[in-house]
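In what follows, a structure is listed as structure tokens, so that the remarks can point back to it.
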Amino acid sequence: MNRGLDALTTNIAKFLATSSDGYGIFDRNDKLIGCNQAFAEIFQYSHDEIINQSFADIARKSFLTKQGLKIDSDNIELWIAHALTRRRSQEFRVFEIDLIDGRWFLLSEQTLENGDMLTQARDITKLKINERNLSEHSIKLHNLALTDELTQIANRRSFIESVKAEISRCQRQHANMAFLLIDIDYFKKVNDTYGHFAGDKVLITMAKLIKTMLREYDIFGRLGGEEFGIFLAETSCQTAQEVAERIREKIMQTTMEIDGQSINVTLSIGISIAAQECKFETLYKEADVALYEAKHAGRNKVVMINGCAK
Ligand SMILES: Nc1nc2c(ncn2[C@@H]2O[C@H](COP(=O)(O)OP(=O)(O)OP(=O)(O)O)[C@@H](O)[C@H]2O)c(=O)[nH]1
């Protein structure tokens, strides 16, 4: 029986010596009483140097030499005190650590009744890189799904979603809100005269310009083609009209220099004002009626449905 155990111990020792995972045993006073080569290397020690070092010694060396453990604190003693409250807080614990050289390790700590603790460290750097790439990729996909590719402002779907959420918030707070429906006048002529690419650039330039004229929390999006929407939360009817007039004038006065050509466009804007029980669909319909009136009145105009009396 003992011979069997001896053979097992010898074989395990052989495996540990060549393992790429780090193994270390700390005694109940937190002194390292044994480890393999891989464990010493994680903390930038030679095997002989690290034996008898305490966990606190290892952390202090990392802090002073800026090698080994990454320590996100200016005060190493506070950092160690905090870490010690977690060490041996459970019989078995798993957590991730990152090193100054950019590697990541998954650490497990298994504590015996006598206080001895076995630490195993596995390099998970590749996994972490994959994880980060995946999350960057999914953020990119998410942004792509929400953003209009041409103008880089909210697309129709995300604009409507944001507006609906904002309508509910304003209703709860009994705040005024306004919706501006913006359409470029005679845009077909712009395309026909200067070409479709120039038309695209007009849309991009105009969206950029309008964005600079809005508050950070106003919602601005492209609803399709040459039609844009702006939702103004906590905005009175008079302010909405002023904002729309400012935008109309600014665009009218701006000559866009596109591919060596000077292009001027004007806007027609329809405004609807939200009543307390209002839905986005109603706001949109009313703004569309106002926009139609603006077009019929000759274009380059702002029309508010029912005026400010509503
Ligand atoms: N360059 C470019 N043109 C677009 C895009 N989306 C829609 N358009 C064009 O916008 C034009 C819209 O034309 P119409 O709906 O007739 O309206 P309009 O010429 O602006 O005239 P009014 O709205 O009545 O003043 C069409 O020629 C579309 O091809 C786009 O992404 N890029």
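The values are calculated or read from the model by the stated rules, or taken from the named source; none is laboratory data. Computed from a predicted model, the values in this text were never measured in an experiment. Don't worry about glycine lacking a Cβ; one is built from the backbone with ideal geometry, like all the others, and counts go over all protein chains shown.
Tallying residues that are more than 34 Å from the chain's Cα centre (by Cα) and among the small types (Gly, Ala, Ser) within the stretch 90-126 yields 1. Being more than 18 Å from residue 286 (Cβ to Cβ) and touching a Ser or Thr at 6+ places or on another chain (Cβ under 6 Å) is the filter here; which residues of the stretch 156-187 pass it? 185, the sole residue that qualifies.
The requirement of being under 28 Å from the mean Cα position of the chain (by Cα), surrounded by fewer than 20 Cβ atoms within 10 Å (Cβ to Cβ), in contact (Cβ under 8 Å) with a residue 40 or more places away in the chain and within 16 Å of the ligand (Cβ to nearest atom) is fulfilled nowhere in the stretch 176-198; no residue meets it.
Checked against the criterion of being farther than 18 Å from residue 108 by Cα, in the same structural domain as residue 116 (by TED's automatic domain parsing) and small (Gly, Ala, Ser), the stretch 50-61 has no qualifying residue.
When 245, 227, 249 are screened for being closer than 21 Å to residue 304 by Cβ, among the charged types (D, E, K, R), modelled with pLDDT of 95 or more and within 11 Å of the ligand (Cβ to nearest atom), only 227 passes.
Only a single criterion out of (1) at pLDDT 95 or above; (2) more than 14 Å from residue 109 (Cβ to Cβ); (3) among the aromatic types (Phe, Trp, Tyr) is not satisfied by residue 39, namely (2).
What do you reckon, is residue 266 within 16 Å of the ligand (Cβ to nearest atom) and without any contact (Cβ under 8 Å) to a residue 40 or more places away in the chain? No: the conditions fail for residue 266. Set side by side, the residues 158, 135 differ, and just one is of a type in the set (S, T, N, Q), in contact (Cβ under 8 Å) with a residue 40 or more places away in the chain and away from the ligand (no atom under 13 Å from the Cβ), which is 158. Of 118, 106, all but one fail to be touching a residue at least 60 places away in the same chain (Cβ under 8 Å) and within 16 Å of residue 38 (Cα to Cα); the exception is 118. Considering only the stretch 209-222, state which residues are touching a residue at least 12 places away in the same chain (Cβ under 8 Å), part of a helix (DSSP H, G or I) and either of a type in the set (Lys, Arg) or surrounded by fewer than 20 Cβ atoms within 10 Å (Cβ to Cβ) (or both). Correct list: 209, 211.
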